[in-house]
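Accompanying notes for the structure given below.
The values are calculated or read from the model by the stated rules, or taken from the named source; none is laboratory data. Owing to the predicted nature of the structure, the values given are computational and were not obtained by experimental measurement. Methodologically, a virtual Cβ is constructed for each residue, glycine included, from the backbone with ideal geometry; neighbour enumeration extends over all protein chains shown. Heavy atoms of the whole protein, side chains included, go into the accessibility calculation; ligands, DNA and RNA do not. Shrake-Rupley method; radii C 1.70, N 1.55, O 1.52, S 1.80 Å.
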Amino acid sequence: GDLFASLSIVMDNTFLVGDSIEIENYQGTVEYIGMKSTRIRSVTGEQIVFSNSDLLKGRIRNFGRMSERRVLIRFKVSHATKQDQLEMIPALIREAVEAHEQTRFDRAHFMSYDAAGLEFEYIYYIVSPEFNLYMDIRQAINFFLRDRFMDAGIEFANQTVQVQLSRESVELLQETVLKQHN
């Protein structure tokens, strides 16, 4: 089975030595494709050996064949954000994304309300599959948006939960604490 699987991998060009792939919960770079097994150097450094037949039983994500990287980001702003501030957020996001030659802006929208805040979602593409470039651009966009939001008085939502207790609940809680300390 492994011999036929290795032929399938080679003939179909499923992946090549040097490709970055993900199989199940393992991600790494292909180092060797043999008749019986394939060796992958994981992102954490260890070598993972897969039998070729096991490789073809699962789904393989080949990042080495990506031509561009799609980025989807969601964040929340405070419920106290004013209407004019809300309306400026998509334009600020577009400006942040379009400041980079290697990006293509897709969209930015005020998506939903929930208890934690007002949620926005935006999507852009990086026209290169390189991971470090993706992280550098994402970081630059985050710095830009944080700076512009601070200038505009827009606050990100706090991920806190408010609990309101009745007077009776507070008294019961106090009694319980006193009993535990005595």
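Values for this structure:
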| quantity | calculated |
| --- | --- |
| Residue that is most open to solvent (accessible area, probe 1.4 Å) [pool: residues in segment 116-152 that are more than 18 Å from the chain's Cα centre (by Cα) and of a type in the set (A, V, I, L, M, F, W, C)] | M150 |
| Index of the failed condition, Y122 passing every other in (1) in a helix (DSSP H, G or I); (2) in contact (Cβ under 8 Å) with a residue 24 or more places away in the chain; (3) of a type in the set (F, W, Y) | (1) |
| Strands (runs of 3 or more DSSP E) (entirely within segment 1-80) containing at least 1 residues that are over 22 Å from I126 (Cβ atoms), among the aliphatic types (A, V, I, L, M) and open to solvent by less than 30 Å² (accessible area, probe 1.4 Å) | 20-23, 26-33, 37-42, 47-51, 69-77 |
| Flag for Y113 being surrounded by 11 or more Cβ atoms within 10 Å (Cβ to Cβ), of a type in the set (S, T, Y) and within 30 Å of N13 (Cα to Cα) | no |
| Test: Y113 is under 24 Å from L145 (Cβ atoms), touching a His at 6+ places or on another chain (Cβ under 9 Å) and part of a strand (DSSP E or B) | yes |
